[in-house]
1. Modelling each spin label as a point 7 Å along the Cα-to-Cβ direction, I'd like the A:E241/A:L291 distance in nm, to one decimal.
2. How large is the charge dipole for the stretch B:140-389, taken about the Cα centre, if only the Cβ atoms of Lys, Arg (+1) and Asp, Glu (-1) carry charge, to the nearest 20 debye?
3. Can you pull out the trypsin sites (Lys or Arg not before Pro) in the stretch A:232-316 whose DSSP state is coil and whose Cβ has at most 16 other Cβ atoms within 10 Å?
4. Need one word for chain B: rounded, prolate or oblate. Basis is the Cα gyration tensor (sqrt eigenvalues a ≥ b ≥ c); a/c below 1.5 gives rounded, then a/b vs b/c decides.
5. State, to one decimal in nm², a quarter of the convex hull surface area for the C-alpha atoms of the stretch B:1-65, i.e. the direction-averaged projected area.
6. On a C-alpha basis, how far is the centre of the stretch A:137-185 from the centre of the stretch B:257-282 in Å? Whole number, if you could?
7. Over the whole of A:119-127, what's the average partner chain Cβ count within 10 Å per residue? Rounded to a whole number, please.
8. Mind sorting A:S288, A:S256 by how few other Cβ atoms lie within 10 Å of their own Cβ, fewest first?
Amino acid sequence: MAEMWIHMGPQHPMTHGLWNLRIKVNGETITDAVPELGYLHRSVEKIGERRKYFMNTTLTDRLCYASAMTWTHCYCLTAEELMGVVAPPRAQYIRTVVLELQRIASHLMWLGAYLPDLGLITGFLYGMRDREMFLNLLEIPSGGRLLYNYVKIGGVKRDLPPGFEAKAERVMQTLERRLKEYENLYDNSKIFRMRNDGVGIYSASDAINWGITGPNLRSAGVPFDLRQADSYDAYPELDFEPATNTAAGGGSDCFSRYRQRVDEMHQSMNLIRQALAKMPGGKVMADSVPLRASGEAFRRTEDSRGEALMYLIGDGSDRPYRWKIRSPMFTTVSAAPHFLKGYKVADVPAIMGSLDMCIGETDK
Amino acid sequence: MTSLYDWSYWFCEAWLVPLMTPLLYFQEHIMPPFSNPAGDLARWMESAAGLNVLAWTIVVNVALMIGFTNVIIVVYLERKIAGRIMDRRGPMLSLSSLKEIASDLAGYAPEYNWKTTTYAGIGILQNVADGIKFFCKELIVPDKADRLLYTIGPVIFISSSILLLVMVPFSPRIAASSAPLGLLVVMAAFSIAPIGVLTTGWACNNKYTLIGGMRSAAQLMAYEIPLLLSMAGVFLVAGSYNPMDIVAQQQGMWNVVPQFLGFIVFIVCMLAEVERVPFDLPEAEAELVEGWTTEIGGLRLGLVFAAEYIRGFVGAMIATILFLGGWSGPFLPGEIWFLLKVYAILVFFIILRWTVPRIRTDQILLLGWKRLLPLSLINLALAILYVEVF
């Protein structure tokens, strides 16, 4: 068969969000791939320059529909550094708890979105069912289920209510039980392994060169986690090691990326337990947060998808002079053609799905 | 009266034709040159060919009714079982919920009472709703599609699937026809459908449908040979292609016990033949949107869906006849036993569909040629040994 270009997107079951992947196929084998982004560009950075510092948390919530809390947190950390504000210790611990809850919810959303890519729709409902429990948990302090607006510059909006620990513990025990079930359903399934093992391989050095970060990098065996490497909030006081995975022959394949996210869910539950146990008392908001700021600040945090970086310049007014967001998925998707070539058409959803695409933050 | 065909042939010969032909002959003499076709029709109906066609028309219609009744039941089972597997309830629409829907449509605010809500029912009406929806949709032909092939493709798929129904018996008492070559003809009819899939895939002028059609043809190469070889073992032991003889041979012990390998190979190949998960590559919705049915809509799509379920149903029937002793069983009538076994296999198909992912094109070729073909050959060798020794 002659070679032909196929558009996978912007409306296609494979694309979780609005983007377009053009692939060139020879029969069923992919010979070339071009990702096209920009369908969902909302110009968040430019809009943010016209709004006051504290108003921008509504925009950062909308950067990623699956992981709103982490992006708002990244923005608040940067703004705090710009203004010279430090959140009280209790607020830092609460932030750690909600960030990890959000990370689990995001990874469960990924798990739910990944299995229909392989042809198993049941996995979608399982993932969403479990995510629901964590959305309920996040609803308790913040009042929101998708967009929280909970982390504020200088602390968090509200304190955790009494009884939160018990509820979180019950939910986490349920999730641990269900993750064991999923290991039987997915890891021990021959067909699941056939679709995942050795698909979409890239090596650790390639991943570093291409700028891939987060779970996608750690799944290649690189123990690089910004929660430790450039630590923030309560993470320095918690005891954990970055979880890593590698494919059978080294590097990262779809299965190691799947295992990586499941391992990170276990790790996040461990972190939540530690943070809830060590939770100090006190206020949850800094005494005074200035409205105006000058200078420049730059912080990076470990988002659910990789390294989220924000850069703010203040000119002394109450609005940022310049705001730049570095999205982890933008670089990862740009590198995708390298590890799509040579695989089959059916592998495209598996490979792109295993990267955990989120177009909201990619297109900004 | 050995089969439905014989019965309807007799019905046409004894009742239908003698009652209708006088009317037609009467018409022939009303206005001679213009009403002559009525007389020709009457003479054709009295001939052997005409009787044959009339008898087959009745048979196919009855088979279609039986097939569609079972499709409704299988679709309902599929939805409910999928719902239970996914930790939800499945369709709940029932007759009693129509009242509330009507009040909703009339503009009254629905009364949300968690305990006594009448929306909850067994959900069989969902199929009716789907059917109405399929009927009401417009039949659209895509702009640059090949109109003729686009129309013919689904017809090949649907008609070859319905043809299957008239060739597989439910029991010695209920059988549409008795073809001399029996199940071999059924398998030949089974293999017609990929032609329809390929035709539609090509005619739609869409890259997804094209790849879907090509996958259907590639898949055919993988499963067809092991499928027939696994059946060959049963044919050898029974010494016949006729379903009656095959079931009669299994009176003592079902074939699934001595020919377990053949049973496994047959079930896997039959899953590929009827294009269900994990082998539904021609309509893989993750990468090919809806595969070869992407451009089909309306009643065409509805009938294609129904035909797929009919194929699954017939596949389970053949598996029952070949390996599970057909209609033999104690106490209950044979037809009940037959349907019980068929539905057991169908429930297995459904559970499998909602618990495993889909495999790739190269993997199904690998599976077919490197695993299933040797296994079916081993099964055939064992069957030959069995026949020769005993």
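1. Calculated label separation equals 5.1 nm.
2. 120
3. The qualifying sites are A:K283, A:R292.
4. Taking the square roots of the gyration eigenvalues as a ≥ b ≥ c, chain B is rounded.
5. Convex hull of Cα atoms, orientation-averaged projection: 4.7 nm².
6. About 44 Å separates the Cα centre of the stretch A:137-185 from the one of the stretch B:257-282.
7. 6
8. Going from sparsest to densest Cβ surroundings: A:S288, A:S256.
Laboratory data are not the source of any read-out in this text; all were calculated from the coordinates shown. Quick caveat, the model's predicted, so the values are computed rather than measured. Here Cβ is always computed from backbone atoms with ideal geometry, including for glycine, and neighbour counts include all displayed protein chains.
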